[in-house]
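Notes to accompany the following structure.
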Amino acid sequence: MQSLDFHEHPHRRYNILTGEWVLVSPHRTKRPWQGKVEKADTSRKASYDATCYLCPGNERAGGFQNPNYPDTFVFTNDFAALLEVSSDAPFQQGLLQAKGERGICKVVCFSPNHGLTLPQMEVAAIGKVIELWQAQYLELGAIDFIQHVQIFENKGEIMGCSNPHPHGQIWAQSTIPQETRLKTIQQKQYWKENQRSLLGDYLAQELKEGSRIVLENEEFVALVPFWAIWPYEAMIIPRRPMRHIAEMNELEKNAFAQILKALTIRFDNLFETSFPYSAGIHQAPTDGLEHPEWHWHMSFYPPLLRSATVKKFMVGYELFAEPQRDVTAEYAAERLRGLAEIHYSAMV
Ligand code: H2U
């Protein structure tokens, strides 16, 4: 049998964190493209927008007024997907099953400056965002009925982000959702067999191999995971296994802020656009168990494929069978690695 060549042969890769597979078709990058082309976002945003519901001092849709916050600001989502006061009763009728879900949803403003995004913010200002995330994870996680806290950011209109003001969200809920459940199962299994962190061992292997590493500092590594689905998907992994972000020391918090900025600058520089993505922090559930198996990490799922205007959609085979990608994770990492450290907008 011919040995597998990642750059020539279609193959499937295994995601050790979820137990799922992705189909990789590297030979397909040669096919002609006649798909949709959108206009690149080259607009520069003002630092204040009187119509923005997230700017300091402005009124939100629900009638509340934002304070004149100097750095970060968190509030309960006025259109929350989950409600604190609601039913958590189970329902069963024949084959039909349901369960009431309770939760708390928050919106986090990263900066009072309407025109900034994470890569354009100072490292110290990103540090304030991280501190807020840490405090929210602990505060929400300590609430009796909250078993899981999901911190995430939708960036860019094409990711469904409703407002360019730099912001993210936090959804805390009464059960452990699917993705975290899968990651808990996989990490727990490895921990049981090896008494070591699955992601820690994966990181050691990646650092030795090198081809999927994008950048690193003393405390963190950013890489394109072997099993990446999105074209320029990336992951930030702390070198020290930690269950959640509140376990970071001061040095690690600063290093996280630095790598967050450095990676998102590379993203923006790739197509010289404000790079859209969904990013989220995966960490231990807050269900009262120890979770020594958990090694927190932050994942970035950006949809752009060939330019600021051509994006990947999850369609066809991917909806019916499993995710698929064309460019390899190694190619994506190499491209990201080769980009400038300085944001393109500051280079002119
Ligand atoms: P997205 O841009 O990722 O959609 O997040 C913005 C959130 O802000 C969204 O969930 C909330 C929306 O419900 N929001 C408020 O809470 N108050 C408002 O005045 C407008 C939007």
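Structure summary
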| read-out | value |
| --- | --- |
| Rounded to the nearest 20 debye, dipole of the chain from Cβ charges on Lys, Arg, Asp, Glu | 860 |
| Met242, Met298, Met159 arranged by Cβ crowding within 10 Å, fewest neighbours leading | Met159, Met242, Met298 |
| GluC sites (Glu not before Pro) restricted to DSSP loop in region 53-124 with at most 12 other C-beta within 10 Å | Glu122 |
| Isolated Cys in the chain, by beta carbon distance under 4.7 Å | Cys105, Cys109, Cys161 |
| Alpha-carbon radius of gyration plus Dmax, which is the widest Cα pair, for region 93-229 in Å | 18.4, 56 |
| Label-to-label distance, nm, for residues given as Glu59 and Ser307 (7 Å Cα→Cβ offset) | 4.4 |
| Approximate spin-label separation Asp287-Glu193, in nm, with each point projected 7 Å along Cα-to-Cβ | 2.1 |
| Contact order normalised by residue count of the chain, Cα under 8 Å, 6+ apart, percent | 21 |
| Relative contact order, percent, region 191-279 [alpha-carbon distance under 8 Å, six or more residues apart] | 22 |
| Residues Leu4, Leu336, Leu182 arranged by fewest to most Cβ contacts within 10 Å | Leu4, Leu182, Leu336 |
| Value at 222 nm in deg cm²/dmol, rounded to 500, when DSSP H runs of n ≥ 4 in the chain each add -39,500 (n - 2.57) | -7500 deg cm²/dmol |
| Anisotropy class of region 127-177 from Cα gyration tensor, a/c 1.5 cut | oblate |
| Of the DSSP H helices in the chain, those whose Cα atoms cover at least 15 Å axially and whose Kyte score averages -1.0 or more | 123-141, 198-209, 250-271 |
| Of Gly160, Leu270, Val108, farthest towards positive along the dipole that unit charges on Lys, Arg, Asp, Glu beta carbons give the chain | Leu270 |
| Restricting region 279-348 to GluC sites (Glu not before Pro) in coil, as DSSP defines it, with at most 12 other Cβ within 10 Å | Glu290, Glu341 |
| Taking region 118-200 and dividing mean pair separation by its residue count, relative contact order in percent (alpha carbons under 8 Å, at least six apart) | 22 |
| Residue order, fewest to most surrounding Cβ atoms within 10 angstrom, among His9, His295, His114 | His9, His114, His295 |
| Kirkwood Rh, Cα atoms: Rg over Rh of region 304-348 | 1.12 |
| Kirkwood-type radius of the chain, with distances r between different C-alpha atoms, in Å | 21.5 |
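Read-outs throughout are calculated quantities, based only on the coordinates presented, and are distinct from any laboratory measurement. All figures in this text were calculated on a predicted structure; none of them were measured in a lab. Here Cβ is always computed from backbone atoms with ideal geometry, including for glycine, and neighbour counts include all displayed protein chains.
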